[in-house]
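Peer 1: This is the structure I want to talk about, given as structure tokens.
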Amino acid sequence: MAAMAAEPAVPDYESAELYTRAFRVGALGFGWRQLLGPPDLSLAEEEEEDADLAVAAALDCAPATAAELRAVCSIDMLMSSEKEEDPDVIPEDSSLLTLRMRKKALERREETIIVDRACRQETLTFEMESHASGKRPDNPTDLIEEGELLLTLNIFYPVIFQKHKDHKPYQTVLVLGSQNLTELRDSISCVSDLQIGGEFSSQPDQAPEHISKDLYKSAFFYFEGIFYNDRRYPECRDLSRTIIEWSESHDRGYENLQSVKMEDYVFNDLSLKIGFPYLYCHQGNCEHIIIITDIRLIHHDDCLDRNLYPLLVKKHWLCTRKCFVCKMYTARWVTNRDTLAPEDPCFFCDVCFRMLHYDAEGNKLGEFLAYPYVDPGIFN
Amino acid sequence: MSSLPGLKEDCEELLGAFQQADTVRFERFAELWRERRFHTIFYGRIRALERNKITKKTLDLARQYFFPPYSFQIRVGALYLLYGLYNAQLCQPKQKIRIALKDWPEIQKFHLDLLDSQHYDAAYIFRRLRLARAFHFTAMPKLLTYRTKKKIEENYFKEEFKDPSNRVNSLITNDVLEELMNVHDHYQKMKCVISADKSQPDKALSLIKDDFVVNLKDITLEHQEWQQSRMKLFRNAKVTPETENKKKEETWLESEGPERASALARIKYKSYSAVVEVSKSRRHRQVQLESSESGPSCGKSPGRSKKASRTPQPARRGSSEVRGEMQVAEETVTRHIGMPVITEEDSDEGEVSLPKRRR
């Protein structure tokens with residue numbers, strides 16, 4: 001906590017290689033901006049021309065020396081001057097151990113593999129990672145300012161399947177230091193926001209009006225002893241109150257828990273530890289672990305359109321439950337005690353569900369209870 | 001690192017050859033690089049996603065040699081290596097070199113050293129990298145995911161690349177000595193306070209040798225003097241042949257040979273003594289100390305007393321050798337905090353602290 005008081009924070013490990021001490025996010029940006037000059041922070045598209053005179057001035061040497069340096073230290077000095085090479089081909093007689101080992105691995109792969117192409121998931125991962133990089137806004141006012149901070153957050157899904165025992169699925173989001181916490185909250189997509197409560201076998205068309213997101217708007221983030229509650233709407237409740245009361249009612253070892261309004265804070269205001277697990281809770285008890293894995297200055301190769309943030313750069317591919325009839329589309333309905341279905345519960349896509357359970361006028365056929373179903377893989 | 005077999009060996013081989021060449025000239029480095037065709041390191045049929053990962057890891061590996069405890073020459077080599085790798089990579093857009101805020105002062109110091117000793121090529125290349133915006137200015141050197149590793153990677157340092165003689169100096173810096181004396185002083189005073197006879201501590205409290213600190217100081221000074229004289233010998237022996245080599249190499253800079261060599265030696269020496277300076281972790285701790293003043297056990301003299309009662313951190317000493325250079329600062333903290341305990345241990349056996357710490 002001592003780092004909080006100091007003006008520019010220099011984060012350091014609290015637990016080696018695992019997480020840092022708590023520091024104020026904005027102070028990190030301040031610290032870097034103090035140390036760096038305009039060329040380091042520049043987001044301009046073109047690299048700055050480096051004139052001999054500038055070099056001479058910076059290095060305190062003669063302009064002639066600068067010209068010489070340009071020649072001697074040119075990157076061409078490191079590249080082979082010979083014929084064009086194909087980067088896909090590893091040269092035969094390489095003395096580099098890395099290449100010899102890689103060559104062996106690739107050859108082994110070639111022998112065993114049947115189809116040699118990127119699988120869908122790999123393509124998707126790459127696309128997600130790079131789709132926005134280097135993007136610039138059409139409107140110059142949306143351009144991100146120099147020296148802005150970029151936070152990388154891993155947001156975990158609240159799943160406890162056995163198969164995810166070791167590697168919990170998560171999505172990775174980039175947010176800007178100047179962005180409000182509510183902007184992140186609004187961008188987190190979770191199936192529990194889309195749940196629809198109730199039984200709709202007699203009026204299936206009315207189901208979409210009862211989405212949980214619109215009914216229960218409360219949510220909070222928890223960072224370093226402070227609950228950041230979403231209080232933007234009058235119907236929002238302070239979800240953290242029960243927790244704070246619980247911790248105060250007995251001596252639980254958690255003192256000074258505070259509750260503040262999420263909408264009053266941007267990420268720069270937060271004090272947190274990088275690499276430390278925090279919490280996002282919504283819908284009363286849908287709990288997502290959040291880990292800030294990285295904070296750094298924005299770079300000109302990053303996406304520079306402010307409107308595209310929070311930017312999703314990675315998400316887990318979840319299996320979807322398919323319709324029992326067509327076996328093709330993702331299930332939208334689940335029925336219980338269904339006289340028309342072979343299983344209980346039984347899953348249907350919207351089209352098949354209506355075709356099977358209703359006649360042309362929309363009258364209910366047979367006996368069943370129908371509940372809207374939201375598949376966890378819906379965001380794939 | 002584990003997923004990039006052979007890379008560490010390749011980098012160390014190149015840096016080792018550079019060290020053998022006994023120079024910091026980029027020209028020589030480029031020769032060595034070309035001999036090995038090092039730019040082909042990224043070659044092979046690799047898809048974009050994998051390539052990004054490999055490149056990130058490669059830069060991450062090379063970056064480690066850019067920081068202490070590696071010697072000045074290895075660090076210059078690492079700078080050239082980063083320059084080469086950054087430009088040779090096949091990623092589009094290029095992967096960046098991550099620099100943590102806590103490491104930046106070290107780089108600035110290094111840069112000043114380069115300028116002071118007129119290693120224009122190294123300084124120029126550092127400038128090129130910055131202008132090419134090859135760095136990500138980050139909070140921490142790595143992404144932290146709170147994933148506890150099942151197998152802790154042995155992150156050893158290549159001995160030959162390190163500054164050979166800075167261990168004692170980095171363990172017992174002038175500040176540590178000074179602080180140790182203060183702590184000892186304070187310890188004595190505290191003993192007096194709680195003793196029956198206020199002017200002199202009880203016999204029962206005499207648990208350490210009173211002259212321990214003084215002895216330690218003397219030994220350290222002796223060691224420093226011995227080292228300096230050895231350095232002088234080393235330098236004198238080296239200057240003549242080195243000058244000859246250098247003259248050939250550096251004609252393009254038209255600089256005076258002997259001047260260069262002595263400047264280089266000065267810088268090398270500087271980089272030894274550089275480690276002795278206050279690490280930033282200490283400053284941090286100073287703040288902590290002051291903030292903990294309000295504690296009840298403080299008694300008369302504020303600030304200092306806490307230190308003695310501070311519980312030692314969980315023992316990390318065994319592993320401290322092998323951990324990343326980023327931990328150097330933290331390690332220092334650990335040692336500082338553990339200091340009073342060590343004092344007691346050592347006193348039982350006499351003044352064996354030096355060999356013991358040297359490991």
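Peer 1: Compute the distribution of all C-alpha to C-alpha distances in the range A:182-261, in bins of 5 Å from 0, and list the percent of pairs in each, rounded to whole numbers.
Peer 2: Bin by bin from 0 Å, the calculated values are 3, 13, 19, 18, 15, 12, 10, 5, 3, 2, 0.
Peer 1: Explain nothing, just the number: dipole magnitude of the range A:241-352 about its Cα centre with +1 on each Lys and Arg Cβ and -1 on each Asp and Glu Cβ, in debye rounded to the nearest 20.
Peer 2: Charge dipole, the range A:241-352, about its Cα centre: 520 debye, nearest 20.
Peer 1: Any chance you could run the full-extension gain for A:R232 through A:V159? It's 0.36 nm times the residue separation minus the Cα-Cα distance, nm to one decimal.
Peer 2: So the extension gain works out to 23.5 nm.
Peer 1: Please compute how much accessible surface disappears when B pairs with A, both sides summed, using a 1.4 Å probe, and round it to the nearest 100 Å².
Peer 2: 7800
Peer 1: Taking the convex hull of the alpha carbon atoms in the range A:50-201, what volume per residue do you get, in Å³?
Peer 2: Dividing the Cα hull volume of the range A:50-201 by its residues yields 336 Å³.
Peer 1: What is the average number of partner chain Cβ atoms found within 10 Å of a Cβ in A:65-74?
Peer 2: 6
Peer 1: Put a dot 7 Å past each Cα toward the Cβ at A:D93 and A:D350; how far apart are the dots in nm?
Peer 2: Each label point lies 7 Å from its Cα, and together they span 6.7 nm.
Peer 1: Related question: For the range B:57-153, divide the Cα radius of gyration by the Kirkwood radius and give the resulting Rg/Rh value with two decimals.
Peer 2: Rounded to two decimals, Rg over Rh is 0.99.
Peer 1: Could you tell me the accessible area of A:Y157 in Å² (1.4 Å probe, neighbours in place), rounded to the nearest ten?
Peer 2: 40
Peer 1: Rounded to the nearest angstrom and ordered from largest down, what semi-axes does the equivalent ellipsoid of the range A:113-159 get from its C-alpha gyration tensor (root of 5λ)?
Peer 2: 32, 18, 9
Peer 1: Here's another thing I want to ask about it. Given R₀ = 41 Å, what would the calculated FRET efficiency be for A:D116 paired with A:Q206, taking r from the Cβ atoms and rounding to 0.05?
Peer 2: FRET efficiency, A:D116 to A:Q206: 0.20.
Peer 1: Put a dot 7 Å past each Cα toward the Cβ at A:Q258 and B:L171; how far apart are the dots in nm?
Peer 2: About 4.4 nm, to one decimal.
Peer 1: Checking the table A:K261/B:K57; B:K189/B:K217; B:K94/B:K142 against a 29 Å threshold on Cα-Cα, which pairs fail?
Peer 2: A:K261/B:K57
Peer 1: Excluding ligands and nucleic acids, what accessible area in Å² is computed for B:K96 using a 1.4 Å probe, to the nearest 10?
Peer 2: 20
Peer 1: Further, regarding this structure: So if I take the centroid of the Cα atoms in the range A:216-282 and the same for the range A:320-334, what is the distance between those two points in Å?
Peer 2: The range A:216-282 and the range A:320-334 have Cα centres spaced 38 Å from each other.
Peer 1: Another one. Give the distance, in whole Å, between the Cα centre of the range A:168-206 and the Cα centre of the range A:5-80.
Peer 2: If we compute the Cα centre of each part, the gap is 40 Å.
Peer 1: What whole-number distance in Å separates the alpha-carbon centres of the range A:336-380 and the range A:110-125?
Peer 2: Using only Cα atoms, the two centres lie 37 Å from each other.
Peer 1: Let me ask another. Between B:I194 and A:A54, what FRET efficiency comes out of the Förster formula 1/(1 + (r/R0)^6) with R0 = 51 Å and r the beta carbon distance, rounded to 0.05?
Peer 2: Working from the Cβ atoms, E equals 0.20.
Peer 1: What distance in nm separates the two pseudo spin-label positions at B:S229 and A:S249, each 7 Å out from Cα along the beta-carbon direction?
Peer 2: Result for the modelled spin labels: 7.6 nm.
Peer 1: With a 1.4 Å probe and all protein chains kept in place, how much accessible area does B:H184 have, in Å² rounded to the nearest 10?
Peer 2: 30
Peer 1: Rounded to the nearest 0.05, what FRET efficiency do B:K53 and A:L340 give with R0 = 45 Å and r taken as the Cβ-Cβ distance? Could you check?
Peer 2: Computed FRET efficiency for B:K53 and A:L340 comes out at 0.35.
Peer 1: Ok, one more. Give, in nm to one decimal, the length gained when the segment between A:E361 and A:D166 is fully stretched (0.36 nm per residue of separation minus the Cα-Cα distance).
Peer 2: Stretched out fully, the A:E361 to A:D166 stretch lengthens by 65.1 nm.
Peer 1: For chain A, calculate the relative contact order in percent as a whole number, restricting contacts to Cα pairs under 8 Å that are 6 or more residues apart.
Peer 2: Result for chain A is 20 percent.
Peer 1: Any idea what log10 I(q)/I(0) is at q = 0.12, 0.15 Å⁻¹ for the range A:91-169, Debye with uniform C-alpha scatterers and no solvent?
Peer 2: -0.81, -0.98
Peer 1: Tell me, rounded to the nearest percent, the portion of alpha carbon pairs in the range A:204-245 spaced more than 14 Å apart.
Peer 2: Value for the range A:204-245 (Cα pairs over 14 Å): 55 percent.
Peer 1: Could you work out [θ]222 nm for chain A from helices alone, using -39500 (n - 2.57) per DSSP H run of at least four and dividing by all its residues? Round to the nearest 500 deg cm²/dmol.
Peer 2: After summing the helix terms and dividing by the residues of chain A, the value is -7000 deg cm²/dmol.
Peer 1: Two decimals is fine: what's Rg over Rh for chain A, C-alpha atoms, Kirkwood radius as Rh?
Peer 2: 1.07
Peer 1: Based on Cα positions only, what radius of gyration and what Dmax would you give for the range B:1-127, in angstroms?
Peer 2: Calculated on Cα positions, Rg and Dmax stand at 14.4, 44 Å.
Peer 1: Leaving out ligands and nucleic acids, note down the accessible area per residue over chain A with a 1.4 angstrom probe, in whole Å².
Peer 2: Ligands and nucleic acids excluded, the result is 53 Å² per residue.
Peer 1: Taking 0.36 nm per intervening residue step and subtracting the Cα-Cα distance, what contour gain separates A:K314 from A:M128 on full extension?
Peer 2: 66.4 nm is the gain from fully extending A:K314 to A:M128.
Peer 1: Find the relative contact order for the range A:239-380 and round it to a whole percent, using C-alpha pairs within less than 8 Å whose residues are 6+ positions apart.
Peer 2: 17
The values are calculated or read from the model by the stated rules, or taken from the named source; none is laboratory data. Since the model is a prediction, treat every value here as computed from it, not as a measurement. Here Cβ is always computed from backbone atoms with ideal geometry, including for glycine, and neighbour counts include all displayed protein chains. In case anyone asks, the SASA skips ligands and DNA or RNA and just uses the protein heavy atoms, side chains included. Shrake-Rupley method; radii C 1.70, N 1.55, O 1.52, S 1.80 Å.
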